[in-house]
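Enquirer: What follows is a single structure, and I will ask about it in a moment.
The values are calculated or read from the model by the stated rules, or taken from the named source; none is laboratory data. These numbers were taken from a predicted model, which means no experiment stands behind them. Cβ coordinates were reconstructed from backbone atoms using ideal geometry, including for glycine residues, and neighbour counts include every protein chain displayed. The protein model used for the area step is the full one, side chains on, heavy atoms only, and it has no ligands, DNA or RNA in it. Shrake-Rupley method; radii C 1.70, N 1.55, O 1.52, S 1.80 Å.
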Amino acid sequence: MIYTVTFNPAIDYVIKVDNLTLGQVNRTTREYIFCGGKGINVSHLLANLGVDSVGLGFIAGFTGDVIESGAKELGFKPDFIRVREGMTRINVKVKSNEESEINGLGPVIHDDELEQMFKKLEDGDILVLAGSIPATLPSDVYERIMGRLQGKDIRIVVDATKDLLLNVLKYHPFLIKPNNHELGEMFDVVLKTNDEIVEYAKKLQEKGARNVLVSMAGDGAILITEEGEVHVTPCPKGEVKNSVGAGDSMVAGFITGYLRSNGDYNEALKMGTAAGSATAFSEDVATGEKIMELYKTL
């Protein structure tokens, strides 16, 4: 089974306000509510491609109920752990003459509640760890999870930034997915060519990563496999409408392509690139139809 982990899910309340004025009553002209979180985005896109997954994470309060019901509507199975302190956060995103965000704290997660998550994983699973760590969890929680799972036949995918990613490489994650800018920041360099990207991606392999997938926005993606092969896929053509969730979609597409092709990394890269691009060209997480339409062009 594929499991995704969203440590700090959120209800994203997106509102449009004409000419927001502080200190006065403002009225919205449009409103949207989304279930947010990188793991949730991965499971959402997997569902759109017809792939089953289970969403893990931590919820609390009445807002946690909304996340749980929202997951079912998005097409994947929620198996969130309900914690006893706090509430699932609400993030308010205001779109006006300037864009502003107010992000909530999220619930308090205790050690015994974190322990419950470990018990849900079995040999043969794929586990996706994506996103930042809430302040209520120790900063080394990714390392603690991967350390606990050493010796189990679990393929772990990590999509995180800088130190969070670097610190888990010693546990040999199956796949990591930095973008080209994040890869450069890890080594304090600016990467300008594909050869440079490949060179520094291989340094992450030297530190322990098995497969390194580097997304490059409009320039496509590069995959360096554990066998040392380099695969490059260009980005399909289209109008970018939304960057939120594109990276998560690439991860979900890669996993789908890998499983459906019995481990063909080139097919995995093509499906990942198609999925990431399809979401970037859509208002929300891409539909399966849109993904397959772009996949056929690669």
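Enquirer: Looking only at residues in region 112-144 that are part of a loop (DSSP other than H, G, I, E, B) and of a type in the set (S, T, N, Q), which one is least open to solvent (accessible area, probe 1.4 Å)?
Expert: The extreme case among them is T136.
Enquirer: Can I ask one more? Could you grab me the full set of residues in region 160-176 that are open to solvent by less than 10 Å² (accessible area, probe 1.4 Å) and either assigned to a helix (DSSP H, G or I) or at pLDDT 95 or above (or both)?
Expert: Across region 160-176, the qualifying residues are L165, L169, P173, L175, I176.
Enquirer: Looking at region 220-238, which of its residues are of a type in the set (S, T, Y) and in contact with a Ser or Thr (Cβ under 8 Å, 6 or more places away or on another chain)?
Expert: The one that is of a type in the set (S, T, Y) and in contact with a Ser or Thr (Cβ under 8 Å, 6 or more places away or on another chain): T233.
Enquirer: Of the residues that sit in region 60-107 and are surrounded by 14 or more Cβ atoms within 10 Å (Cβ to Cβ), more than 19 Å from the chain's Cα centre (by Cα) and of a type in the set (S, T, N, Q), which one is nearest to N48 (Cα to Cα)?
Expert: Applying the filter and picking the extreme gives T63.
Enquirer: Next up: What are the pairs, 6+ residues apart or on separate chains, where a residue within region 245-262 that is free of Cβ contacts under 8 Å to residues at least 40 places away in the same chain and among the basic types (K, R) has its Cβ under 9 Å from a residue that is in a helix (DSSP H, G or I) and open to solvent by 30 Å² or more (accessible area, probe 1.4 Å)?
Expert: R260/E267
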